[in-house]
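One structure is given here, and the rest of the page talks about it.
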Amino acid sequence: MERVKLYLSLFFVMFCAVSFAQRTEYSIAPGYNQLNFTAPEPGTYTLEKYNLASNGNIIDAVGNKRQLHDLFDDKIVLLNFMYTTCTDVNGCPLATAVFHKVRNLLNKDPQLGKEVSLISMSFDPENDSPEVMKLYGYGTDKGVVDWNFLTTSSFEDLNPILDGYGQRILKEYDEEGNYIGSISHILRVFLIDKNKTVRNIYSVSYLHSDVLINDIKTLVDPRTKNGTIESSSLEPILVASDESLPNSLESILMASGASLAKPGDYKEGYTSKDYTTQAQSLERIGKATDLLAIATEKHLGLPELKTPDGTTLTREKIALGRKMFFDRRLSHTDTISCAICHVPEMGFAHNELRTAVGTEGRSVPRNAPTVLNVGLLARFFHDGRESSLEDQVWGPILNHDEMAIPSPGYLINKIKAIPDYNNQFEKAYGAPPNMDNISRAFAAYQYSLLSANSAFDRWYYGKEKNAISYEAQKGFEIFTGKGACVSCHLINDEFALFTDEKLHNTGIGYEASMYVEPPVKKLILAPGVEIDVDTSSYKDDSRFRDEIAPNDLGLYTITQDPNDRWKFRTPPLRNVAITAPYMHNGALSTLREVVEFYNKGGVKNEVLSPLMFPLNLSEKEVDYLVEFLKTLTGSNVDELILDAKAAPIGEISLNDPNWFHENKPRY
């Protein structure tokens, strides 16, 4: 009788999911329907290598205790985490439905099917016993494809596996504290190759049998060498699921060679009612790299890294600085880290904000510049006020609008009280945390973020004739000739940082300071939905003055010399294609806007730089110059992004110092 009840329960769950999907086509995931774009042919793209697939203690559907890796059996594995009573149609039932489609397709191709194993693993060991999992998988044991239904003996065995795959679950309880059998989670399906390496991670939006089959075929194709080399002459864009990116972004990514660097949500065409979001997953699965090797090796196109006297880089120092760079606990409110503004996936800049946003949503008046190659510079901040990487770290840490730490001593005491920093400074620097080694640790990580060997470097310094396109070569001629860009963005015989490290008034700061709100202003509420706003309701309110026309005078705020008004540092141009928006205030959104700004000679004012004048470039010449700028992206950007994704982000725990914890700061 109990078995009949269980069968009926499982049937009811699946029936509800299918019937709901049929009745609400507008809201269900793509995996239930036909693919709405043409999937790229297998072998015409590569698949990234992420981390090794985690192992752990499991129980199979017949009650045998085994290791998860035992079931991989030298096959390509599709793994999903689920629980049998899930009723979210776009959750576990979706993964099960897609797996059924994949299984059916693979059974029709036995040669391919015998290379693949499907695994559905429960994260509800209290309710999903081996018998329940066996019933859930009833009827799937026919054909060449192995489909294993697994559980664990306890959460003690389950949690390390979930942690290894970056899966988080939240059990739901009623008002009396009783578990109601429902679990909140984010659906993820993992593609794992025969080397037990995760090669793709599918979310709800991209979980489709056609995509999965093509990815499997790509791994199996011997010409691709396990999905790392294309078997055709087509250029890789990203991975199969990103075929639908807008053409302009697609072309930039193809030209730059940095497939993982992109906005969290690309906003081109947002004003159109036909706009479609390209939101990226928030998952953090990466692969650590040897940052010390990157810091110490020669990079084509870059000068040798020279650290200050007394600074010797080691893996321990870089690892400590990397940990701190991503640690939100090192802000006053435990919410802001360096990486919140210098986002690795956005070129270690921030593609989605013109100016940075700090603690408690406070506005910062300037754009967050990239920290790639920052260790090679001699001046820091847009106004050039600091001259060492070690000194500059305290600026954002102590700034009330950024990380808002009250004092250096406060941060020192806080780090000492965070358990996972115990003995870390002693191992790296031979002393407990202090102002000197804290700044050195932050700097050590940033010294390792070197990126060059770009297409330009291979063409200009490596003498590879076909490394960049004809259009980019014409752009270089303009850059060094008619465009006069090289006057400030220097190129040396042996290397190029593309900056003179001086400060100039281009007029962009003057224009912002003199801005006056028009009587009526358009406000975008949603794609294709605009309204007119009467600005008289706020434009004369002193509280909004700095937001409307920030009076940022640049170098003048440091020197107090009137001739230094609106002077800002010449930014380096390496990786410029992936570090939008541009200028000290993020006022220009695209490379074309930047070129057009300089083409018109900037904005006239009484202290405009004499280097600013109209360039008289044609539309075609502007295009050429933009194409050249796209060639400046380093070849290891993806490697640095994946390394950053492997770093911890400082999840606050009850053991950390916070005013509502037992381990709170004592004063």
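The values are calculated or read from the model by the stated rules, or taken from the named source; none is laboratory data. Given the structure is predicted, the values throughout are model-derived calculations rather than measurements. Backbone-built Cβ (ideal geometry, glycine too); neighbour counts: all protein chains shown. Just the protein is used for accessible areas: all its heavy atoms, side chains included, with ligands, DNA and RNA removed. Shrake-Rupley method; radii C 1.70, N 1.55, O 1.52, S 1.80 Å.
Tell me which residues, restricted to region 153-175, are over 27 Å from Leu282 (Cα atoms) and touching a residue at least 40 places away in the same chain (Cβ under 8 Å).
Here is the first cut: in region 153-175, the ones over 27 Å from Leu282 (Cα atoms) are 153-154, 174-175.
Hit for region 153-175 is Ser153, nothing else.
Restricting attention to region 312-328, and to residues there that are of a type in the set (A, V, I, L, M, F, W, C) and open to solvent by less than 40 Å² (accessible area, probe 1.4 Å), which single residue is farthest from Ile405 (Cα to Cα)? Working first, answer last.
Going through region 312-328, the residues of a type in the set (A, V, I, L, M, F, W, C) turn out to be 313, 318-320, 324-326.
Subset that is open to solvent by less than 40 Å² (accessible area, probe 1.4 Å): 313, 318, 320, 324-326.
Values: Leu313: 27, Ile318: 23, Leu320: 19, Met324: 14, Phe325: 15, Phe326: 16 Å.
The extreme case among them is Leu313.
Out of all the residues in region 101-116, is one or more at pLDDT 90 or above, farther than 23 Å from Arg284 by Cα, polar (S, T, N, Q) and crowded, with 16+ Cβ neighbours inside 10 Å?
Scanning region 101-116, I find no residue that is at pLDDT 90 or above, farther than 23 Å from Arg284 by Cα, polar (S, T, N, Q) and crowded, with 16+ Cβ neighbours inside 10 Å, so the answer is no.
Taking region 634-667 as the region of interest, how many residues are of a type in the set (D, E, K, R), under 17 Å from Asn413 (Cβ atoms) and open to solvent by 80 Å² or more (accessible area, probe 1.4 Å)? Can you show your working first?
Going residue by residue through region 634-667, those that are of a type in the set (D, E, K, R) are 638-639, 643, 645, 651, 656, 662, 664, 666.
From what is left, the residues that are under 17 Å from Asn413 (Cβ atoms) are 656, 662, 664, 666.
Going one step further and asking which of them are open to solvent by 80 Å² or more (accessible area, probe 1.4 Å), we end up with 662, 664, 666.
Of the residues in that region, 3 qualify.
For residues in region 334-374 being of a type in the set (Asp, Glu) and not in a loop (DSSP other than H, G, I, E, B), which is modelled with the lowest pLDDT? Explain how you work it out, then say what you get.
Initially, region 334-374 is screened for residues of a type in the set (Asp, Glu), giving 334, 345, 352, 360.
After this cut, where a residue has to be not in a loop (DSSP other than H, G, I, E, B) as well, the list is 345, 360.
Working: Glu345: 94, Glu360: 91.
It comes out as Glu360.
Being within 33 Å of the chain's Cα centre (by Cα) and among the charged types (D, E, K, R) is the filter here; which residues of region 478-518 pass it?
Residues satisfying the conditions are Glu494, Asp500, Glu501, Lys502, Glu511.
Among Asn413, Asn399, which is the only one that is within 21 Å of Pro665 (Cβ to Cβ), open to solvent by 30 Å² or more (accessible area, probe 1.4 Å) and within 28 Å of the chain's Cα centre (by Cα)? Don't jump to the end; show me each part of the working.
Working: Asn413 fails: within 28 Å of the chain's Cα centre (by Cα).
Of the residues listed, the single one that is within 21 Å of Pro665 (Cβ to Cβ), open to solvent by 30 Å² or more (accessible area, probe 1.4 Å) and within 28 Å of the chain's Cα centre (by Cα) is Asn399.
Looking at (1) farther than 30 Å from Thr289 by Cα; (2) assigned to a helix (DSSP H, G or I); (3) modelled with pLDDT of 85 or more, find the lone condition where Phe11 falls short.
Failing condition for Phe11: (3).
Among the helices (runs of 4 or more DSSP H) lying completely within region 562-661, list those that include at least 1 residues that are over 26 Å from Tyr470 (Cβ atoms), within 28 Å of the chain's Cα centre (by Cα) and of a type outside the set (Ser, Thr, Tyr).
Working: elements: 591-599, 619-629, 637-645.
Fully inside region 562-661 and qualifying: 637-645.
What residue, among those in region 52-86 that are touching a strand residue (DSSP E or B) at 6+ places or on another chain (Cβ under 8 Å) and of a type in the set (Ser, Thr, Tyr), is most open to solvent (accessible area, probe 1.4 Å)?
Looking at the filtered set, the residue picked out is Thr85.
Checking the structure you have, find out if any residue of region 58-77 is free of Cβ contacts under 8 Å to residues at least 12 places away in the same chain and assigned to a helix (DSSP H, G or I). Break it down into steps so the answer makes sense when it comes.
Of region 58-77, the ones free of Cβ contacts under 8 Å to residues at least 12 places away in the same chain are 64, 66, 70.
Then drop every residue that is not assigned to a helix (DSSP H, G or I), which leaves 70.
Taking every residue of region 58-77 in turn, at least one turns out to be free of Cβ contacts under 8 Å to residues at least 12 places away in the same chain and assigned to a helix (DSSP H, G or I).
Just name the residue that is nearest to Thr84 (Cα to Cα) out of those in region 175-197 that are open to solvent by 60 Å² or more (accessible area, probe 1.4 Å) and assigned to a loop (DSSP other than H, G, I, E, B).
By that ranking, first place goes to Ile186.
Restricting the search to region 593-607, which residues are in contact with a Leu (Cβ under 9 Å, 6 or more places away or on another chain) and over 10 Å from Thr506 (Cα atoms)?
Going through region 593-607, the residues in contact with a Leu (Cβ under 9 Å, 6 or more places away or on another chain) turn out to be 594-602.
Of everything in region 593-607, those that are in contact with a Leu (Cβ under 9 Å, 6 or more places away or on another chain) and over 10 Å from Thr506 (Cα atoms) turn out to be Val594, Val595, Glu596, Asn599, Lys600.
Which of the residues spanning region 537-561 are of a type in the set (A, V, I, L, M, F, W, C), in a loop (DSSP other than H, G, I, E, B) and over 22 Å from Gly384 (Cβ atoms)? Reasoning before the result, please.
Our first condition is that a residue be of a type in the set (A, V, I, L, M, F, W, C); within region 537-561, this holds for 544, 548-549, 553, 555, 558.
Now restrict to residues that are in a loop (DSSP other than H, G, I, E, B): 549, 553, 555.
The one that is of a type in the set (A, V, I, L, M, F, W, C), in a loop (DSSP other than H, G, I, E, B) and over 22 Å from Gly384 (Cβ atoms): Ala549.
Of all residues in region 568-589 being among the aliphatic types (A, V, I, L, M) and touching a Leu at 6+ places or on another chain (Cβ under 9 Å), which is surrounded by the most Cβ atoms within 10 Å (Cβ to Cβ)?
To start, the set of residues in region 568-589 that are among the aliphatic types (A, V, I, L, M) comprises 573, 576-578, 580, 583, 587-588.
Checking which are touching a Leu at 6+ places or on another chain (Cβ under 9 Å) leaves us with 573, 576-578, 580.
Numbers: Leu573: 22, Val576: 22, Ala577: 24, Ile578: 27, Ala580: 23.
Going through the qualifying residues, I end up with Ile578.
Out of the helices (runs of 4 or more DSSP H) lying entirely within region 422-533, which hold 3 or more residues that are open to solvent by 70 Å² or more (accessible area, probe 1.4 Å)? Talk me through it step by step, then tell me what you get.
On the way: elements: 424-429, 435-447, 455-460, 470-480, 508-513.
Of the helices (runs of 4 or more DSSP H) lying wholly inside region 422-533, those with at least 3 residues that are open to solvent by 70 Å² or more (accessible area, probe 1.4 Å) span 470-480.
Restricting attention to region 381-394, which residues are surrounded by 22 or more Cβ atoms within 10 Å (Cβ to Cβ) and under 25 Å from the mean Cα position of the chain (by Cα)?
His382, Leu389, Val393
If Gly602 satisfies all but one of (1) open to solvent by 20 Å² or more (accessible area, probe 1.4 Å); (2) farther than 23 Å from Ala496 by Cα, what's the number of the condition it fails?
Every condition holds for Gly602 apart from (1).
Of all residues in region 278-311, which are in contact with a Leu (Cβ under 6 Å, 6 or more places away or on another chain) and either open to solvent by 40 Å² or more (accessible area, probe 1.4 Å) or free of Cβ contacts under 8 Å to residues at least 12 places away in the same chain (or both)?
Across region 278-311, the qualifying residue is only Lys287.
Does region 52-70 hold any residues that are in contact with a helix residue (DSSP H, G or I) (Cβ under 8 Å, 6 or more places away or on another chain) and under 21 Å from Asn127 (Cβ atoms), and which are they? Step through it out loud before you land on a result.
If we filter region 52-70 for residues that are in contact with a helix residue (DSSP H, G or I) (Cβ under 8 Å, 6 or more places away or on another chain), which is where we start, we get 53-63, 68.
Answer for region 52-70, where residues must be in contact with a helix residue (DSSP H, G or I) (Cβ under 8 Å, 6 or more places away or on another chain) and under 21 Å from Asn127 (Cβ atoms): Gly56, Asn57, Ile58, Ile59, Asp60, Ala61, Val62, Gly63, Leu68.
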